[in-house]
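Report on the following structure.
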C-alpha cells in the first residue's frame, strides 16, 4: 500500500496529510508515493530526519536556512516528463531546456544551503548548469545562446543589421532559415549531452521531493507537538496522552478542550464499553490514525507512543462501510469479519479495530457474535480493539470502560453543549459483565421529544420490574 | 502628447475591436512600433487565441504581430513553438490554457509571433500582476470583445477601441454604433467598498439596499424575469447583475416607476441593442460597472473585408464630432 491509497480509506489520516505544508508538486508526489513501512530500520531513519529538521527549527540561524530552502522549493516544478525525455533519443525543445536549466539551478542553490544536512543526497549538477548557461549569468532563463555556435552570433547580427536597414521579411527569409537550422543543430547536440545526465536528474527530483516532504512533516510535528513513536517488531501498543487532531481542531474552534487519553493494547482483544457519546469511536479512530501515521513515517498525536509494527490495519468502523453494493449493513459487516479472520489465519501481523460489532441485529445473537469474535481474536493472540454496548461479554479479553459522565465534574446542568465538561473520556480497567446504562439520560439531554421518552421510560421500568420478579422467583 | 506617452502612464492597456477586421492588429503593431525605443519596459499578450495568420472568419490576410527587440511577450506553449523570433524564455507559468501553459519570453531580435493568453479574467489579472513584478511598466493586451471570451479586457487600466468599415458601410450608422460602445466603456465605476463586495459574486441577480447590503433575489438568470412574478425592486432601486444584461432587462426596468441603478461587472456584459439601453437611460435609469478602463482613443479602419473603402478623412471627422476621445487612422498616422 502507498500513502495515496490510505488517504481514501482513513479520513483522519487524510486530514493530517492535508495539513502538511508542502512547497512543491515534487514533494507532494514523493509523499503520496511513500510506501507503508514495516521495517524498524527504515522508520527510525525517517524519524531521525524529522528530528534533525525539528532541531534546526529551534535555532534562529538554522530556522532561517529552513525558510530559505522553502522559498527555493516553492519554485520547483514537476518536470518528470522532461526528465524522462532526457533518456530518449528525442530532441528537446526550448521549453524543456528551460525547465531543465531552471530546475538544475534550483537544485544547486538548495544543495549549497543543505550541505550540512547529512541525510540529504542531491547530485552535483554544477556542470549541467554550465552546459545550459554558456554565458555564465546564472539566470533561470533560456534560449539558444549565441555562445553555443559562432555561426549563430554571426547570422543573428546580420539579421539585426539588415532589418535595421529596412529589409523586408521576404528578403530576410533565407537568413532566418539558416538561423533556425543552426539553432536546431545546437538543440540536437544539447539533447545528446543531456542524456548522460538523466540518472542524476532523476535522483535530484527524488532528493528534492524528499527534502520537501521531511520539511513539511517536521513543521507539522512542531506545530502540533507530535511525538516520535518508539517502533518495535513485537510487544504492546502503548499510547499516553493520545489525541485526535481533527476532533481536537473542531473542539478548539468551539472553545473546548480535547481530553487526551491513555491506552494499552496487548496481544489479546481489548473490549471497550462506555456510554453513548463517551468517545469510543473517536478512540478507535485515534488508534487507527497513530498506526497509519507511524508506518508512513510521521510523528504521532500523543505524549508518548510505543507502536509495534504490523503489516495491515483491519478495521470495521460503521460510517466507513460501503453499503452501496446491495448488502445490508449487517451482511457487509460480517463479510469484513470474514476478511479479518482470513488475514489472521494466514498469520499476517495485523491490528484489528472493530466498532460496535453486530449492533444492527438482535441483542441476543449480537452478544454471541461479539463473544465469538473476541474469543477468536484472543485465542490467536491478535492485537485488537472491539467496542460494544452489549453486556455479558464473557470471552477471554481485557475489558476497559470509558469512565463517562461524572457528576459534579462541572457546575450546572448537563446539556448537549457542555456534555464535554461532564465526560471523563479516560479508560479504566473493568471486570464487570454489565455495561453503562446512560442511553436514555443522554437522549433527554439531547432534547428529544418528552412524550416519546416518557413512553420509553415506562417500558424500561416494566422490564426492570420483570427482571426483579424473576430474581425473586429464583 | 503623443499617444504612446499617454499609454505609458498606465500599467495595462487593451486594444479591442468592435468587430473582426476593424484594424485592431494594425493598431497594436502601430503602438509596438512607437514603443520600440523603450521596448524593455513593455510586455505584450492577448486574451484567448489571436494572431492567426489568416482571419478565421473572413479569410482575409491579417497582419501578424511584430515584437520589437527587447520586449517581453506572453503566449501559449503551442504558439511559442511556432514563433519566428529569437527569444529567451523567462518563465513558464503553471497557468493552463487550451493551447498549453503560458510562456513569458523576451525577444532577443525583432520578429513575429502568434499571441495567445490567459483564458479567464482572474488569470489575466494574475498575469498582469506578475509582469509588473518583473519590472514591466505597461502591458499591452490584444483584447477580444466577444461573449464567448471568459477573459474580459476591462481589467486593464486603459483601452483603445478599433472600429471601421467592417462594422457598417454607412458612416452615420458606423458612428452611432461606435459611440454606443464608447458610452458603455466609459460607464462610471461603483464606489470602492461595493466593488470589493460584488466582485466575489459570480452569478445571480442581487439587490443592494440603502446600507449597501447585498441580497440575492434568487433569480437564476435575467432571462427568467417575467416568469418569476416577483418584485425585483423590493429592496430598493439598485440591482447588480453578475452575468449578461440583455434587451429584455432594460425593457423591463424601463417600465418600472422607480429610477433604477443597474450595476454590471463591466461593459462587455451589456449585450443590449443601443435603442433599449438609451431608452432606459432617458427614463432616468443609470448603469454603473465594477471595472472600468479609461478609453484613450478610437482607431478607424476605412477598409472593409468586402473591399469597401470609406473616405478616411470624412470618417475621422464624423467620429470626432460624436466622440470625446481622439480618433485616428493608424494606417495614415505617422506620429500622434
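The values are calculated or read from the model by the stated rules, or taken from the named source; none is laboratory data. Just so we're clear, the structure is a prediction, and the values are computed from it rather than from any experiment. Glycine also receives a Cβ, built like all others from the backbone with ideal geometry; neighbour counts cover every protein chain displayed.
Here the condition is being in a helix (DSSP H, G or I) and more than 15 Å from residue A:302 (Cβ to Cβ); of A:205, A:220, it holds for A:205 alone. Is it true that some residue in region A:405-417 is in contact with a strand residue (DSSP E or B) (Cβ under 6 Å, 6 or more places away or on another chain), assigned by TED's automatic domain parsing to the domain that holds residue A:252 and within 21 Å of residue A:285 (Cβ to Cβ)? No, the conditions are met nowhere in region A:405-417.
Just checking, does region A:209-217 include any residue being within 14 Å of another protein chain (Cβ to nearest Cβ) and either crowded, with 19+ Cβ neighbours inside 10 Å or within 38 Å of the chain's Cα centre (by Cα) (or both)? Break it down stepwise before answering.
Just the residues of region A:209-217 that are within 14 Å of another protein chain (Cβ to nearest Cβ), to begin with: none.
Among the residues of region A:209-217, not one is within 14 Å of another protein chain (Cβ to nearest Cβ) and either crowded, with 19+ Cβ neighbours inside 10 Å or within 38 Å of the chain's Cα centre (by Cα) (or both), which makes the answer no.
Consider region B:311-336. How many of its residues are touching a strand residue (DSSP E or B) at 6+ places or on another chain (Cβ under 8 Å) and part of a loop (DSSP other than H, G, I, E, B)? Spell out how you get there, then give the answer.
Kept after step one, since they are touching a strand residue (DSSP E or B) at 6+ places or on another chain (Cβ under 8 Å), are these residues of region B:311-336: B:312, B:315-316, B:319-320, B:323, B:325-331, B:336.
If we keep only those that are part of a loop (DSSP other than H, G, I, E, B) as well, we get B:323, B:325-326, B:329-331, B:336.
Matching residues across region B:311-336 total 7.
On the basis of being within 25 Å of residue B:141 (Cβ to Cβ) and not in a loop (DSSP other than H, G, I, E, B), does residue B:262 make the cut? Taking the combined requirement at face value, the residue does not satisfy it. The criterion of being within 13 Å of another protein chain (Cβ to nearest Cβ), in a helix (DSSP H, G or I) and either buried (at least 18 other Cβ atoms within 10 Å of the Cβ) or in contact (Cβ under 8 Å) with a residue 60 or more places away in the chain (or both) holds for residue A:179. Candidates in region B:102-127 are the residues that are within 15 Å of the chain's Cα centre (by Cα) and surrounded by fewer than 20 Cβ atoms within 10 Å (Cβ to Cβ); of these, the one that is modelled with the lowest pLDDT is B:120. Residue check: is residue A:111 more than 22 Å from residue A:92 (Cβ to Cβ), more than 11 Å from chain B (Cβ to nearest Cβ), modelled with pLDDT of 90 or more and loosely packed, with under 12 Cβ neighbours inside 10 Å? When the stated conditions are applied, residue A:111 does not pass them. Checking every residue in region A:156-174 against the condition of being away from every other protein chain (no Cβ under 14 Å), surrounded by 13 or more Cβ atoms within 10 Å (Cβ to Cβ) and part of a helix (DSSP H, G or I) gives zero matches.
When you check residue B:87 against the structure, is it at pLDDT 90 or above and within 14 Å of chain A (Cβ to nearest Cβ), yes or no? Taking the combined requirement at face value, the residue satisfies it. Might you let me know whether region A:132-155 holds any residue that is touching a strand residue (DSSP E or B) at 6+ places or on another chain (Cβ under 8 Å), in a helix (DSSP H, G or I) and more than 11 Å from chain B (Cβ to nearest Cβ)? Looking for residues that are touching a strand residue (DSSP E or B) at 6+ places or on another chain (Cβ under 8 Å), in a helix (DSSP H, G or I) and more than 11 Å from chain B (Cβ to nearest Cβ), one finds at least one in region A:132-155, hence yes.
For the subset of region B:65-75 comprising residues that are more than 10 Å from every other protein chain (Cβ to nearest Cβ) and modelled with pLDDT of 90 or more, which member is farthest from residue A:79 (Cα to Cα)? Spell out the reasoning first.
Residues of region B:65-75 that are more than 10 Å from every other protein chain (Cβ to nearest Cβ), as a first pass: B:65, B:67-68, B:70-75.
Retained after the next criterion (residues that are modelled with pLDDT of 90 or more): B:67-68, B:70-75.
Values: B:67: 29, B:68: 31, B:70: 28, B:71: 27, B:72: 24, B:73: 23, B:74: 21, B:75: 20 Å.
The qualifying residue farthest from residue A:79 (Cα to Cα) is B:68.
Does region B:50-64 contain any residue that is modelled with pLDDT of 50 or more, assigned to a strand (DSSP E or B) and buried (at least 18 other Cβ atoms within 10 Å of the Cβ)? No, region B:50-64 contains no residue that is modelled with pLDDT of 50 or more, assigned to a strand (DSSP E or B) and buried (at least 18 other Cβ atoms within 10 Å of the Cβ).
Out of curiosity, is residue A:374 free of Cβ contacts under 8 Å to residues at least 60 places away in the same chain and in the same structural domain as residue A:265 (by TED's automatic domain parsing)?
On the way: free of Cβ contacts under 8 Å to residues at least 60 places away in the same chain: no; in the same structural domain as residue A:265 (by TED's automatic domain parsing): yes.
Judged against the criteria, residue A:374 is not a match.
For region A:223-257, a tally of residues being part of a loop (DSSP other than H, G, I, E, B) and more than 20 Å from the chain's Cα centre (by Cα) returns 8.
For residues that are touching a helix residue (DSSP H, G or I) at 6+ places or on another chain (Cβ under 7 Å) and over 24 Å from residue A:282 (Cβ atoms), scanning just region A:362-394, find the one that is surrounded by the most Cβ atoms within 10 Å (Cβ to Cβ). If you could, list the steps in order and put the result at the bottom.
Pass one, region A:362-394, residues touching a helix residue (DSSP H, G or I) at 6+ places or on another chain (Cβ under 7 Å): A:373, A:376, A:380, A:382, A:384-388, A:390, A:392-394.
Now restrict to residues that are over 24 Å from residue A:282 (Cβ atoms): A:376, A:380, A:392, A:394.
Numbers: A:376: 19, A:380: 17, A:392: 13, A:394: 10.
Step by step, filter region A:362-394, then rank; the result is A:376.
Residues A:106, A:92: which one is more than 21 Å from residue A:216 (Cβ to Cβ), within 14 Å of chain B (Cβ to nearest Cβ) and over 26 Å from the mean Cα position of the chain (by Cα)? Quick ask: steps written out before the conclusion?
Details: A:106 fails: more than 21 Å from residue A:216 (Cβ to Cβ).
Of the residues listed, the single one that is more than 21 Å from residue A:216 (Cβ to Cβ), within 14 Å of chain B (Cβ to nearest Cβ) and over 26 Å from the mean Cα position of the chain (by Cα) is A:92.
For residue A:420, the criteria (1) crowded, with 19+ Cβ neighbours inside 10 Å; (2) in contact (Cβ under 8 Å) with a residue 60 or more places away in the chain; (3) farther than 30 Å from residue A:234 by Cα hold in every case but one, which is (1). Among all positions in region A:77-89, there is at least one residue which is within 14 Å of chain B (Cβ to nearest Cβ), farther than 30 Å from residue A:52 by Cα and touching a helix residue (DSSP H, G or I) at 6+ places or on another chain (Cβ under 8 Å). In region B:322-336, what residues are more than 21 Å from the chain's Cα centre (by Cα) and without any contact (Cβ under 8 Å) to a residue 40 or more places away in the chain? Residues satisfying the conditions are B:332, B:334.
Residues in region A:258-268: is at least one touching a helix residue (DSSP H, G or I) at 6+ places or on another chain (Cβ under 6 Å), under 23 Å from residue A:307 (Cα atoms) and not in a helix (DSSP H, G or I)? Among the residues of region A:258-268, at least one is touching a helix residue (DSSP H, G or I) at 6+ places or on another chain (Cβ under 6 Å), under 23 Å from residue A:307 (Cα atoms) and not in a helix (DSSP H, G or I), which makes the answer yes.
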